[in-house]
Structures are given as structure tokens and as C-alpha cells.
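Inspection log for the structure reproduced underneath, given as C-alpha cells.
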């Protein structure tokens, strides 16, 4: 087989051919449309033929990757040399203990440790020598060692860990298969022995009541949907467990938790567009759960509880704290409103219009915004009820608010980035009494500068009584830092900075967020990261959050793969090699973050680019709505247009551009490979959702019914069916002759896909069928798939195994972006 690709490292010799899957026609007929699927039989996971085919694909992939072994080894050693393998987290105080985690060199997993609080008035975390042996510090206890628990298992993932308020009893649940089904155990920490109670194959996140007398957990149905909550009395057989809530609507998933004040067991039931919260006092565990606000179709909400101090001279003069509920909902504002409800007014259920508005997002451009829908989402937003710091924000969405004893915090998104604001509760109480907007002030990253693009968030604030607030921030080039802020005095203290070993100096790296005007006029943010001195086209330009705009070429289809005359492979341009990634679904934002693995790309002169396409959450709800359902094509077109704009500017080289995405981002990869193969030398697709239409047509599969709110319902809606059929990757792969006609070249990017037989979110069969199609003679694409047998949707467990996987994936990408890498020259070609 002759592959129509760019690879100089990957061309397989004549003796090494990809496995050819048997074609067994399977007819699908929906809404008058017929599709013959030759590889649907691969869905039979336990059949000998499927197992044999998976083994053959793994063997083929292993042979093809032999030339990369030296590079893979080098990359793994680079990762390892930069990471502090023996490390620990900053202790966090909860009840009578300081809790923290340790990692030890050579160990795959972390250890959960704790030390007793010796002074109830001391909120400064104890100083612990990270090089000391676990359990060796005075009073230190290793109360859960993941390494010991993982013995005998190829896969191990903790799905929840809960400790009683007196610190003696622990609940934990583990997944040892990768299928996201967990087994619950209870342990007496005084003896280290597990209790006889065993609850198996349930959802993650069970709850142990503070008195350790009751466990609440969620069961899953045949489609693996968490649908019911059960109550278990500790010390009794599970056969006597009681179902306390059942969600009959298949669009909804159910979860259970404990309120932050630990006074209520909380059930959350939510679809993609609607949610409901039900409460039960921990003092009445055998009572009935009641909704805080009754479910209303199309409205999402959440609630937390706290108290505000009584302001001096306050109404009533009793000096008693004001009990409040912080309600976060989108009834009257698609980008959410925060309301504060006086809990003294009446018992639940409450209504969405009760309470005082504290903050609200911008409705501009949103589908349910009435006349505001026609206003561009990036227009400045002004609202009289909003705090001063939110006035004039663009793309404003409220992400949540929390109230603690001494401070309140507000998380919001504006101008495509996360922000964090704080206010002392004493000041908040005064503002509330005066009827004025709360005087929040923004938390600026301590020591930050305008040349970085930061993500900032509150974190590790486990105790309501803590006098200070912890927050973390990081950028693409600055390792994460954890800080402690005294909200009243403004004193900011660094608690921990992630250490990068070796010769790392963040001053050697640069980052920029610019904007690309795409085909329909929308302006899409793109983040670029590079090493100074290795990317001349970017050095000397803007850094940080930039106002720079590029414009996508007007006719992407007219761009051709730049093949040199008389040569089988394309000639490189003057642009730099580029690793470009994206996601663009579920309103999930691809925020800045530091990566040790990324340094190995940057140090080789590779540009890292992240396209923040529509369908994500970077610019609020409108940004998401413009990239879902019958507007999903925007996600794919944004990514293609931004790639083309960077190439047209001469910054990156199409012959050395590799795209990457996982899960729904893997769908993105499959579509761009079909729609614009001429822009990419390679595609790395992790657990890719590439047979999307088949999956979303089958309501018996996990996730399908809940996913109809995201993608549309092709089973019952012919328009949605036709729309999804137009882009689902597996059904739209162009053969070599079609590519030649459409794009002036038969080139197709080299594809490397990863999956796991135990993945319950994107079944292994999707990438397996996709690769089988790509490997057909008429398609002539160079494609490989690596199928894990001991992993889940997130890949393997254990940090060293994860580093090995990343090293392999990066080696594949580097082989296409930097084929002259010295480690490739020594590997030879299989």
C-alpha cells in the first residue's frame, strides 16, 4: 500500500501492511437514509474475531513505532528529570487534622497523609520535610496509601475518599478496571481494618455522614447512568439498603454529596440544560429529601449555605449572624445570576426570583436573551446591580460565588479568561444592608506580569472558619503557584510553587493570546506558546493578552498541500513546526496551564497553539451555543480557519503542523482531517468520538440520551440526523481520488489514535472502525491505533505509565514536526 501522507519517518516497507478488517455490511436506515457500515461488527468486544483484530492493530502499531524508541526514551527521561518525584502538597486543615498528599520517587501513586492540629487557633500549615519518609514526622499518619491498595491491579483509580468528623472512620471507593464503576469500602483508621460493609459497582463520589453512621451512594442503570441514590446504615447488610431517590428521566444524571457546612446531604440531578438540588438534614438521615427550588425545565442552578456577620447597628439589633443561601442560576440570564436568600424568611422550597442580586453575567448574543441576542457577545456589559469590577466586561459569565466566615469570593469569566474577586464578609454585610453593589476587588496573581496569560482559581479552602483564602494560578509558561490571601489586610503569602528541575527558566519562554477573524466574521482567541530565540516570526511581537488580529484566508479549500515538484513529500516552508490543539464542546474552556511535557516540544523549536473554538466556554454561554447542536460546524471551521491564518502569516509550516484533541476534541480531529487535510501533516486523536452519529442514534448506550441536549437528537429529528451525518468523521472520510479532486492533492495527515477497551464514555469501537476505514486501499491514509486493555477514558493510571504514554504520543508528533531530530536518525525505519 502506498500512503498519501507527509511522513518521512513513518513510511511502512512493503512487508509491513496494516491489518485489513473483514467487511460485513450492516445496514442502518433512519429517516429515509441508508448507510452501510462494514465494520459495525467490531462492537462485539468479546468475540474472538474482534479480540484478534485488536491484537493485530496493536502489533502493527508497535512495529510502526519502533523507529521512535530512542526518541520516546529521551522524552520520558526529559519529563522525569524535570519533575520533583518525591514531593508533597501544602497541608489543608479540616476538623482536627492537617491533610496532605505525598509522592515518592519510584511510586506510581500518591499517599494520603495527615497530622493532628495542635493549636486550634493556629491556621498556618505545618512545615514538613518533603524528603522525609512518609509517616516519619511527629504525629504524621499515612492513612491511605494508593500504592499498597493498587497492588495486584494493572489499573487503579480512587473515586472518592471521605473521613468522619472525628477522624476515625474512612470511606473510600476504587475502580480497578477503568470502566468508572467503583467499589465502596469502610475502614477503621484506628486499627487499619476494613469493615464488613461492601458496596460494589456503583458511581463515584459516595458520602459518609459526619458521624460515620450512614453512607449515601448512587447506583447506575443498564446504560451506566447514575440514576438512583441509596442509603446504607453502617454495620448492616447491603440487602437492607434503602432507595431514597430515583430519577426516571433518562436525560438526567444523579450525584450525591455533602453541603459545605456539613449540615445537609445533597442530591443533584441534572441534564445538560436543567438541574435540581434536593436536601436532607444530616440530623435526620432517614427523612425525605426535599428540593431547595423545584425543577424548572431549561434552568440550571446550584446552592450553598453560609452566614454573614450582623453589621453594626443592623436591623433587629440582635447581633446574630444572618443565615443565607447563595443561589446560582440562569433563569433570567443565560450567563448566570447569583442571588442571596435570607434563610430566615421561610423553609424550602424557594423560588428563583427570591433574594438579592449580587452579580449577573452578560446576556449578549445568547439564544434565550430576547433582544439582547442580536448584540455581539464581546460588547462591553454594564448592569446597575453588578459590582464595579464587572462593569464593562466583555463576554462576562458568572462561574460561582462562595461565602466563608471571614470572606466571600466570586469567580467569573471575562475577555476569554478566568477572574477571581474577594470581599471581607464584614464589608459584604454592610453593602447588603445599604442596598448597594458589593465592593469586590479583583485578585491579581502575586508576582504576575502582563506578558503572561493566567488562569486563576480559588482552591484548597476546605474549612469555613479559615481566616485566609487560598488561590492558585498558572500560565502556559509559569508553573502553578498556591497562595494564601488575607482578604481584610491584603497580605499575600506564597505557600508553594511547582518546582521544575534542571535548567528551566520561565524567562526563556513566551506566550500570546491573539484573535483570528474566521469565515463568518467571529473573532476566535488563539493562544501561542514558544521558546524565545527559536521562533523568529514570533519573537519581538506582542506577549500576554494581545489585541492583535489575523484574518483567515477567504478560500480554505483553495489552499493545497505544498508538494515540491517531482517529490513524494512536501517541501517545508520558512514557518516553524506547530503542535495545535483544541476541544470546543460542553462549554468547557481550554484555560492556560503549565505542562512539563510541553517543554520538550518548545525546546525543539515547536510552537504550541491552542484554538479556543466556539462550543467551549471561553467567552460565556453564547460562545458555547454558537458551537453546539445545529451550529456545531462552527467548532470545526474555527479550528481550520485559525490554523490557516497562522500558516498564511508565515508563522507555522503546514508540512510540519500536527493537530491534537481528545474525546470530543477527537471528534474535532476527525472532522478537520476530512475537511482540510492539506493543512496538517499529522493528527493525534486520543479516545476520539469519531463515530458520533452511530452513538447518538442508540439510546441504549451510555451517555446517549443525556447527549441529545449537546448534539441534538438525530433519532427523532431528521434535520439533526442530516446535520450530524454531514460531519461525523467515520462516515465522511474522503478517498484518495476525492481528495485529489477537492484539494488538488491526495495528501492525508498521518493519524495516530488511542483508545481503551474499558472506556465507557467513547467506546473503543469508534476509533477502531475509523482507523479500519482509513486503512482501506482506496483511502490510502497512514493510520495507526493503540488499544489499551487496562485503562479507561482518561488513559492508564499511575504517573510513570502516564509519562510513558505521553512520551510515545509526543514522539509521534515530533517525528512529523521535526523529522531531523537526532534521536530519530538513530532509530531506523521498521
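Residues in the stretch 450-497 that are free of Cβ contacts under 8 Å to residues at least 40 places away in the same chain and within 20 Å of residue 512 (Cβ to Cβ): 456, 473.
Residues in the stretch 498-514 that are free of Cβ contacts under 8 Å to residues at least 40 places away in the same chain and not in a strand (DSSP E or B) were compared, and the one that is farthest from residue 600 (Cα to Cα) is 507. Residue count for the stretch 513-542 satisfying the condition of being at pLDDT 95 or above, touching a strand residue (DSSP E or B) at 6+ places or on another chain (Cβ under 6 Å) and closer than 25 Å to residue 593 by Cβ: 17.
Among the residues making up the stretch 170-215, those that are in contact (Cβ under 8 Å) with a residue 60 or more places away in the chain and in a strand (DSSP E or B) are 175, 214. The set of residues in the stretch 324-341 being touching a residue at least 40 places away in the same chain (Cβ under 8 Å) and closer than 20 Å to residue 279 by Cβ consists of 324, 326, 328, 338, 340. Pick from 557, 565: which is part of a loop (DSSP other than H, G, I, E, B) and modelled with pLDDT under 95? Checking each option against the conditions leaves just 565. crowded, with 24+ Cβ neighbours inside 10 Å, out of contact with any strand residue (DSSP E or B) (no Cβ under 9 Å at 6 or more places or on another chain) and modelled with pLDDT of 95 or more - does that describe any residue in the stretch 749-768? The answer is no, given that none of the residues of the stretch 749-768 is crowded, with 24+ Cβ neighbours inside 10 Å, out of contact with any strand residue (DSSP E or B) (no Cβ under 9 Å at 6 or more places or on another chain) and modelled with pLDDT of 95 or more. Can you say whether residue 59 is surrounded by fewer than 18 Cβ atoms within 10 Å (Cβ to Cβ), on the phi > 0 side of the Ramachandran plot and out of contact with any strand residue (DSSP E or B) (no Cβ under 9 Å at 6 or more places or on another chain), as far as the supplied structure shows? No.
Candidates are the residues of the stretch 138-151 that are assigned to a loop (DSSP other than H, G, I, E, B) and in contact with a strand residue (DSSP E or B) (Cβ under 7 Å, 6 or more places away or on another chain); the one that is farthest from residue 104 (Cα to Cα) is 139. For the stretch 523-542, taking the residues that are in contact (Cβ under 8 Å) with a residue 40 or more places away in the chain and within 23 Å of residue 616 (Cβ to Cβ), the one that is surrounded by the fewest Cβ atoms within 10 Å (Cβ to Cβ) is identified as 523. Using the structure shown, decide if residue 398 is more than 28 Å from residue 527 (Cα to Cα), in contact (Cβ under 8 Å) with a residue 24 or more places away in the chain and in contact with a helix residue (DSSP H, G or I) (Cβ under 9 Å, 6 or more places away or on another chain). Criteria not met by residue 398. Scan the stretch 80-88 and tell me whether some residue there is out of contact with any helix residue (DSSP H, G or I) (no Cβ under 9 Å at 6 or more places or on another chain), under 22 Å from residue 146 (Cβ atoms) and surrounded by 19 or more Cβ atoms within 10 Å (Cβ to Cβ). Yes - at least one qualifying residue is present in the stretch 80-88.
Applying the criterion of being surrounded by 14 or more Cβ atoms within 10 Å (Cβ to Cβ) and modelled with pLDDT of 95 or more to the residues of the stretch 1-22, the residue that is nearest to residue 763 (Cα to Cα) is 21.
For the stretch 407-425, the count of residues that are within 28 Å of the chain's Cα centre (by Cα), in a loop (DSSP other than H, G, I, E, B), surrounded by fewer than 18 Cβ atoms within 10 Å (Cβ to Cβ) and modelled with pLDDT of 95 or more is zero. Based on what the data block shows, is residue 672 free of Cβ contacts under 8 Å to residues at least 40 places away in the same chain and farther than 24 Å from residue 742 by Cβ? No, not satisfied.
For residue 165, the criteria (1) at pLDDT below 95; (2) in a loop (DSSP other than H, G, I, E, B); (3) closer than 27 Å to residue 183 by Cα hold in every case but one, which is (1).
The values are calculated or read from the model by the stated rules, or taken from the named source; none is laboratory data. Note that this is a predicted model, so its numbers are computed, not measured. Don't worry about glycine lacking a Cβ; one is built from the backbone with ideal geometry, like all the others, and counts go over all protein chains shown.
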